Amino acid sequence: MKKRISKALLMTALITNSLLVSSVTAFAEESLNEYSLDTMVVTATRTEKVLSEIPASVSVVTDKDIEKMHVNTINEVLSRVPGIYSSRLKGIANSSPTILMRGLNNQAQNLVLVDGQPLNDASSAVVGWSDIPVDSVARIEVVKGTASALYGSQAMGGVVNIITKNPSKGERKVSVGYGSNATWIKRASIGDKINDKLSFRIAYEGRETHGFVNKFVNTDPKSKKPSGTIIDENSISGLIKTETNTGKSTYRTGTVGRNHFDEDNIHSKFVYNFTDSKELSFSFTHHKDEYGYN
């Protein structure tokens, strides 16, 4: 009888112990899954702050958000941000798209930064939105509203800070996309750590399109005789009657051909880590494009 009781107690102890171990394991897994970090931003105050504590209208778009958008350019990303108007009427064939903020109708009143350095052209304030490959973006911080006290008169409408990715060990990525009008988008990136302190990342992005007809040649028969035969406005041979943007009659005589576009962008970044909290980075960007009609 004693032996039977001992075995029963031993089995009860083992079962109880197993249940306790299982409970502890499950609790540990649940606590790990619940843990999260607050979003930190630096553009609004030029110091690292929690987003919820910033006394300004700030939007943050991360690289994960960009992947879900399936966009081809950075200004396409910004068009999804509330309070920003993006104009790029020719798609990727537009060499100078426009971004407007807070109702200001001049792009020169919006400051665009890349890792804190101005991207606006010094004389015209035009921004080369294609200069930075989309895959190189870690996050974009947008401060809407005047930030002139921190960034000068060019930041009357707001500030867009494009923060690029730091190198990661063993990064290898290649992608190719194809669309209508012989449109190709090619991307490739490589990154690695040379040693414990020095690392690098190089990204390439190429876009090209044969384009489409978007510019017509019109002629006013009263000022210049076009090819074809015009007897009067109601009897036309060889031409297409149309109207100008003010409603006046004109005649379409042809086009200047397809609007083609070809560009290549390279962005490289080298980072040297002195400590876990101090680093020195060097970036180099190269942009080349060809634009015209055939």
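The values are calculated or read from the model by the stated rules, or taken from the named source; none is laboratory data. On a predicted model such as this, the values are computed, not experimentally measured, just so you know. Every residue, glycine as well, gets a Cβ built from its backbone with ideal geometry; the counts of neighbours run over all protein chains shown.
Can you give me the ranges of the strands (runs of 3 or more DSSP E) entirely in the range 240-283 with at least 1 residues that are modelled with pLDDT under 90, surrounded by 14 or more Cβ atoms within 10 Å (Cβ to Cβ) and of a type in the set (K, R)?
249-255
Return the residues of the range 126-146 that are touching a Leu at 6+ places or on another chain (Cβ under 9 Å) and farther than 30 Å from N273 by Cβ; say none if nothing qualifies.
Matches in the range 126-146: V127, W129.
Output the number of residues of the range 131-190 satisfying the condition of being aliphatic (A, V, I, L, M), free of Cβ contacts under 8 Å to residues at least 40 places away in the same chain and surrounded by 15 or more Cβ atoms within 10 Å (Cβ to Cβ). Spell out the reasoning first.
Narrowing the range 131-190 to residues aliphatic (A, V, I, L, M): 132, 134, 137-138, 140, 142-143, 147, 149-150, 155-156, 159-160, 162-163, 174, 176, 182, 185, 188, 190.
Right, trim to free of Cβ contacts under 8 Å to residues at least 40 places away in the same chain and you get 149, 174, 176, 182, 188, 190.
In the following step, the residues that additionally are surrounded by 15 or more Cβ atoms within 10 Å (Cβ to Cβ) were identified as 188, 190.
The number of residues fulfilling the criteria is 2.
Which condition does V126 not pass, out of (1) surrounded by fewer than 19 Cβ atoms within 10 Å (Cβ to Cβ); (2) out of contact with any Pro (no Cβ under 8 Å at 6 or more places or on another chain); (3) over 20 Å from I74 (Cα atoms), if it passes all the others?
Failing condition for V126: (3).
So, in the range 200-217, how many residues would count as being among the hydrophobic types (A, V, I, L, M, F, W, C), assigned to a strand (DSSP E or B) and surrounded by 13 or more Cβ atoms within 10 Å (Cβ to Cβ)?
Start the filter on the range 200-217 by keeping residues that are among the hydrophobic types (A, V, I, L, M, F, W, C), which leaves 200, 202-203, 212-213, 216-217.
The next check asks that each one be assigned to a strand (DSSP E or B); those that pass are 200, 202-203, 213, 216-217.
From what is left, the residues that are surrounded by 13 or more Cβ atoms within 10 Å (Cβ to Cβ) are 200, 202-203, 216.
Residues meeting the conditions: 4.
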